[in-house]
Structure formats: C-alpha cells, structure tokens
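Presented below is the structure to which this report refers.
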Amino acid sequence: MTEYSHNVDGVPATLAVGKVVCVGRNFADHAKELNNAIPTEPVLFIKPSTALVNLEMPIAIPLNFGSCHFETEMAVLIGDKLTCCDERQAAGAIAGVGVALDLTLRDLQSELKDKRLPWEKAKGFDGACPMSAFVSPQNIGDIQNQQIRLSQNGVLQQNGNSADMLTPVLPLLVYISQFFSLLPGDIVLTGTPAGVGPLAIGDRLEVSLGDMIKLETEVLGRD
Ligand code: ZN
C-alpha cells in the first residue's frame, strides 16, 4: 500500500495524517434505504489513520469478509485544533474539502449490529477510506451546495447534494468537537446520500464533488 498524504490545491500539505471522524445516517434518503431510523442527533464513529489511501490509486478491497459497499461522502480536512468549538471557529479551521469513499463491509456490519457490538472492523480496516486530493475552502464554493456523485461501470449510482445533510458541516464540527478534539490533519466525513451498493473486482468508478473534483479509479481484490 502506498503511503497516504494530504494534498490541497495540487500541493502536498504539511499537515500530519490523523484520524477520520465519520457521521452515519446524515442523509434521510440513505437512512431509509438501510431501514434505519432518522437519528435525532449525529451518529459518530472513527476510522484510524491506517484506513486512509489515495482514491486515485486502484482500490484494494478485502475479499474474505462478505460484501464491501461504497458510500460516497464529502470530506473536510481540519487545519486547526477544535475542542468544544463554535461555528465561527469551525469555519476557520477548514483547510480543504474533498470526496472520500467510506468503504463498509456491509455483511460484517449487519452481523455486528445484530449482536449490538461496535462496527469498527466493518468500517476501520486498512484501506477503508480512499480519499481524494482536497480543494481549499476559497476555491470550492458553497460547501452546502456540492453535488456528490459516484458512477460504477458507467451507471450513476449516487447523486446527492450536500444541501440535504441532516446536520450541515459547521454544526457537525461543533458537535464532534464536544466529544473528540479535532487536530490539524484530521478528516471529517459528512455522510453518504442514497444509492450505496457493493463493489466488485474490476469495477471502474467515477467519483466527483461539485465542479472542482472529478476522478476515476478501479477496484482490485486483496486477500
Ligand atoms: Zn458513511
């Protein structure tokens, strides 16, 4: 696996590679497709830094743990420490906006959920967070009006908009920072719209965020 590092506006960033804090069920249409209730407050989980890989490189998915689903999500790169922050501090701490896949071993996750056990193995495995290069907040435009798209072998599977987040980015960062300090180099994934599905070896994926990020990648297997 090649070493992951952050990149903002085409330049390697000096920020450390940290944890990835994720929110589940932040789009009503996705909560519904998995038969989950719409939560009254954000559902948080964390992927370790070892989950990060470059989305532009071929994606290696585990083969021995059942289905591996794609979830296409807007990602926010943190540039300043946030602890119990307010929205103004949160806005000032955004160093970049990108697009990531929250890879999920769905069969394993369902099994763990049924047993009321934590999801970590299903969401935090090595390579579980393929991440694009970031665009600086000055260049991305309105972060709450970004189209989030994934096509699989030429078929559009996910086509949502960040306007439809149940908890928008700034209140989400405020909420997260009450539990977990966000450090420079951490990433926050902001939830997936509907249309998630299984990946197969040989799939060609086209992933985009708004007008600024568009990339192609492919899926490989690994033991
Ligand atoms: Zn997700």
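The figures follow:
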{"item": "At R0 = 25 Å, FRET efficiency that the Cβ-Cβ distance of L183 and K121 yields, to 0.05", "result": "0.55"}
{"item": "Computed [θ] at 222 nm, deg cm²/dmol, the chain (DSSP H ≥ 4; -39,500 (n - 2.57); rounded to nearest 500)", "result": "-4000 deg cm²/dmol"}
{"item": "Highest to lowest packing among 86-96, 181-191, scored as the average C-beta count within 10 Å", "result": "181-191, 86-96"}
{"item": "Alpha-carbon centroids, segment 91-121 and segment 1-24: separation in whole Å", "result": "17"}
{"item": "Highest average packing first - 153-159, 41-47, Cβ atoms within 10 Å", "result": "41-47, 153-159"}
{"item": "Gyration tensor verdict on segment 2-80 (Cα atoms; rounded if a/c is under 1.5, prolate if a/b is larger than b/c, oblate otherwise)", "result": "oblate"}
{"item": "Of all DSSP beta bridges in the chain, antiparallel share, percent nearest 5", "result": "80"}
{"item": "By average C-beta atoms within 10 angstrom, highest first, the peptides 98-108, 138-148", "result": "98-108, 138-148"}
{"item": "Probe 1.4 Å - accessible area at T14, Å² to nearest ten", "result": "140"}
{"item": "Cross-link pairs K32/K113; K47/K121; K19/K113; K19/K214 - those with Cα-Cα distance over 19 Å", "result": "K19/K113; K19/K214"}
{"item": "Check: the chain dipole with +1 on Lys, Arg Cβ and -1 on Asp, Glu Cβ, in debye", "result": "440"}
{"item": "Rounded percent of accessible protein surface that carbon and sulfur make up, segment 7-222, 1.4 Å probe", "result": "52"}
{"item": "Spatial separation of Cα centroids for segment 166-190 and segment 145-162, in angstrom", "result": "23"}
{"item": "Mean accessible surface per residue for the chain, computed with a 1.4 Å probe while every protein chain stays in place, in Å²", "result": "45"}
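The values are calculated or read from the model by the stated rules, or taken from the named source; none is laboratory data. Quick caveat, the model's predicted, so the values are computed rather than measured. Every residue, glycine among them, receives a Cβ derived from its backbone with ideal geometry; neighbour counts consider all protein chains shown. Protein only, heavy atoms only, side chains kept; ligands, DNA and RNA dropped before computing areas. Shrake-Rupley method; radii C 1.70, N 1.55, O 1.52, S 1.80 Å.
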